[in-house]
1. How many angstrom lie between the C-alpha centres of the stretch A:33-72 and the stretch B:47-123?
2. For peptide B:57-70, what's the mean number of Cβ atoms from other chains within 10 Å of each residue's Cβ?
3. Can you work out the Karplus-derived ³J(HN,Hα) for every residue in the stretch A:86-102? Use 6.51 cos²θ - 1.76 cosθ + 1.60 with θ = phi - 60°, whole Hz, and x for glycine or proline.
4. Between A:Ala162 and A:Ala203, what's the calculated FRET efficiency when r is the beta-carbon distance and R0 is 30 Å? Round to 0.05.
5. Within the set of other residues whose C-beta is less than 9 Å from the C-beta of B:Leu76, count the net charge using Lys and Arg as +1 and Asp and Glu as -1.
6. Suppose each label sits 7 Å from its Cα in the direction of the beta carbon; what would the A:Glu177-A:Glu114 distance come out to in nanometres?
Amino acid sequence: MQARNIVVTLLLGLAIAAGLALALRNAGGPAEPLTATVLPVGNELPDFALLDQDGEPVDRRVFEGQWDVVFFGFTNCPDICPATMTVLGQAKRELAAQGREPLPRVVLVSVDPERDTPEAMARYIAYFGDGNLGLTGELDELRKLTDALGVFFQKAGGDDVAYGVDHSTVVLLIDPEGRLKALFTAPHDVTNLVHDLPLIMAAE
Amino acid sequence: MMPRLLVLCAFLAAAAGCDSPGGPPVVVANLVVTAPGAGMPMAAGYLEISNRSSEAIRINRVSSPEYGSVEMHETLIEDGVARMREIPVLEIAAGDTVVFERGGKHLMLMQPVGTPETVTLNFYSDEVLLLSINTEFAASFD
């Protein structure tokens, strides 16, 4: 009888332990990003000299002091660029609605500096929300930034006035130290961004 | 937003081998044209275009009195790079529907004439007008 009680007690203990382990597992460890690729060590940005949407000169320090989600596109792009900027703006608004802090700044870097003047950038980025940043400038300065970040762009088709620009669709996350911290590949999705951005920013 | 149909062509029966009594051979649904201005020097059009005739149709030109140029384009994403290419001729098989949507096929409307409040789109097959459709602009790109 005593042996039977011991066995029952052991089984009961095992059951409780298993239940606790399961409960702990379901409680979850740290959540993982759904789509973002997070760099274990942030990559420093290169030196560059561009203009913001007000025509003010900026350099790498423009990315310091806040989180930035950065997309490379152009204002004459009718489809993928406004679609991506819309997703980024919606994600930021959703994060704000959830009371999340900090909120990332949305940044558009023009891959068409020939046509994208600071004035054009100002009008364009304002359409997608407040507090956005637009960068444009000389082609060789732009190349310094895009080459370092592995961002591709190239004029394609059309003529001197009406032409397209092939370009990377990646969205980059720059940390407040001005380092590349994570990247999101297309297709971009509000739900995934709203899930991943706070995780990455909170882990910093 | 429900587009207002101005003309649903018809002489297209000959051009498109129409055998769809009671309805036009070419029908557009869910037409959305992004708002002009707002920092965007051009607009994009999204729609579903259906061929209800018994023969394939070819659309090789789209025009609009409100824009100097309208082109059919397709965004292709290859190895993370978006490449936009013109569609010179859109073929729609009999009974088929082609969807123009974000990140895929779309109309690119360039060189706006003045500040249009609505937009009319004319679809042609070898200079034969297949369809003319008018719509208001989308309130936003969302």
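Coordinate-derived values only; no laboratory data. Because the structure is a prediction, the values reported are computed rather than measured. Note that we place each Cβ from the backbone using ideal geometry, even for glycine, and neighbour counts take in every protein chain shown.
1. 35
2. 0
3. My calculation for the stretch A:86-102 gives 5, 4, 5, x, 5, 4, 5, 5, 5, 4, 5, 5, 7, x, 6, 9, x Hz in order.
4. 0.10
5. Details: positive: B:Arg83, B:Arg85; negative: B:Glu74, B:Glu78.
Net charge around B:Leu76: 0.
6. Each label point is offset 7 Å from its Cα along the Cβ direction, giving 4.0 nm.
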